[in-house]
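The values are calculated or read from the model by the stated rules, or taken from the named source; none is laboratory data. This structure is a prediction, so every number in the text was calculated from the model and none was measured. Positions of Cβ are generated from backbone atoms using ideal geometry, with glycine treated the same way; all protein chains shown enter the neighbour counts. These accessible areas exclude ligands, DNA and RNA; they are computed on the full protein's heavy atoms, side chains included. Shrake-Rupley method; radii C 1.70, N 1.55, O 1.52, S 1.80 Å.
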Amino acid sequence: MRRHPVIQMLVIGAIASAIGIALSFWIHWFPVDAAKQDKPIDTLYHVLMIVSIPIFVLVTTVILYSAWAFRMRPGQEHEDGPPIHGNTRLEVVWTAIPAILLVSLCSYAYGVLTDIEQTHKDELVVKVHAIQFAWSFSYPQSGGRTVNSDQLYLPKDRPVRFDIDTQDVIHDFWVPAFRVKIDTVPGIVTRLRVTPTRLGTYPIVCAELCGLGHSVMRSTAHVMTPAAFSAWLTREQAPVSAGGAGGGGAAPTQAQLIALGRQTFTGDGGCGACHTLADAGTTGTTGPDLRLLRGQTQAQIRQDIVDPNARITPGYPANVMPQTFAQTLTTQQLDGLVSYLATVSK
Ligand code: CUA
């Protein structure tokens, strides 16, 4: 006994949907949950899967089943199908169902978005700077000072607001373990909110193709206990304030300049993301290993930083290193960087 085609399609569709939905749960698609924002986002994903898989399966089943069951057989070459034109009830149904689905899913997704973007009074503000091809982070402190770092340090269970800007092109700040991500857009500050809930170390990546060094534009987020975080902040505050921001005080000593230079190398300047330098512990390979600075004068090193195209190391393309360091670094940071590089490459 041959069953009705619609029944057959429904049976095939139900089995295929069940397998699809089971797979969407059975395979764990996500990195660890490290933030409060993760759960609602993962649930949203699963709900979208549960709704989309049957629709995808339904459309595919109808197409494949019809192509096979209703194919033209020998002798039917000149036959025409039944003269059907329009079916109001069917058209109302296939317009209404997608409309209802879309409106409900959009409302649900909007609810999740509002939930994960909730503001908090005691949020920690971290400024994120993007530059081809590195991330740097600064923590505004009282008295107008900031602590700068090329890695992200966050206390567990405290809401964080990231204020994100870029010095050049569009990048995208993404910590997969926090799920959320956002573009960096030239000229504006974009914001992202996260409450880390799990101690550990998580990769930060750039999720927008931003140039030759895009794939190396990475950093690390460390979620620490609040005590460890305060200790880190206090430790980082101490050295720079002496030579760095000191307004109107005495000129920094050579040792202070070198310390500031080293910090600029791994922090604000972002040099370490692209250059290998043993002293700074960096291993970037987008640009040349800085051992090649040995024997160069301070003037030459300064030119290499502010006007990198003036002397290109053979084997490396021009226009990869930013040409804006004269504007983006303070005079003292630049002096520090030159002193530091001249000293460590001796
Ligand atoms: Cu920055 Cu990709």
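For the reader, a short list of remarks on this structure follows.
- In summary, V128 fulfils each of the numbered conditions (1) of a type in the set (A, V, I, L, M); (2) free of Cβ contacts under 8 Å to residues at least 60 places away in the same chain; (3) in contact with a Pro (Cβ under 9 Å, 6 or more places away or on another chain); (4) under 23 Å from A227 (Cα atoms) with the single exception of condition (3).
- Residues satisfying the stated conditions in segment 193-206, i.e. out of contact with any Leu (no Cβ under 8 Å at 6 or more places or on another chain), crowded, with 16+ Cβ neighbours inside 10 Å and under 29 Å from G287 (Cβ atoms): Y202, V205, C206
- Restricting segment 112-146 to residues that are among the aliphatic types (A, V, I, L, M) and open to solvent by less than 30 Å² (accessible area, probe 1.4 Å), the residue that is nearest to L48 (Cα to Cα) is V112.
- Qualifying residue in segment 154-162 (condition: within 14 Å of the ligand (Cβ to nearest atom), of a type outside the set (G, A, S), modelled with pLDDT of 95 or more and in contact with a strand residue (DSSP E or B) (Cβ under 7 Å, 6 or more places away or on another chain)): no
- Restricting the first member to segment 153-167 and to residues that are touching a residue at least 24 places away in the same chain (Cβ under 8 Å), and the second to residues that are assigned to a strand (DSSP E or B) and among the small types (G, A, S), the beta-carbon pairs closer than 6 Å and six or more apart or on different chains are T166/A130.
- Test: residue in segment 115-122 that is at pLDDT 95 or above and away from the ligand (no atom under 16 Å from the Cβ): no
- Residues in segment 1-18 that are exposed (fewer than 13 other Cβ atoms within 10 Å of the Cβ) and modelled with pLDDT of 90 or more: I15 alone.
Yes or no, residue by residue, for (1) open to solvent by 70 Å² or more (accessible area, probe 1.4 Å); (2) modelled with pLDDT under 95; (3) part of a helix (DSSP H, G or I):
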site: Q76; (1), (2), (3): no, yes, no
site: H85; (1), (2), (3): yes, yes, no
site: W94; (1), (2), (3): yes, yes, yes
site: Y110; (1), (2), (3): yes, no, yes
site: N148; (1), (2), (3): no, yes, no
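- Matching residues, segment 165-185, being within 12 Å of the ligand (Cβ to nearest atom) and under 24 Å from F325 (Cα atoms): T166, Q167, D168, V169, I170, H171, D172, F173, D183, T184
- Taken over segment 220-235, the criterion of being of a type outside the set (A, V, I, L, M) and either within 11 Å of the ligand (Cβ to nearest atom) or open to solvent by 20 Å² or more (accessible area, probe 1.4 Å) (or both) is satisfied by T220, H222, T225, P226, S230, T234, R235.
- Hits in segment 191-211 - residues which are touching a residue at least 40 places away in the same chain (Cβ under 8 Å) and more than 10 Å from the ligand (Cβ to nearest atom): R193, V194, T195, P196, T197, R198, L199, G200, Y202, I204
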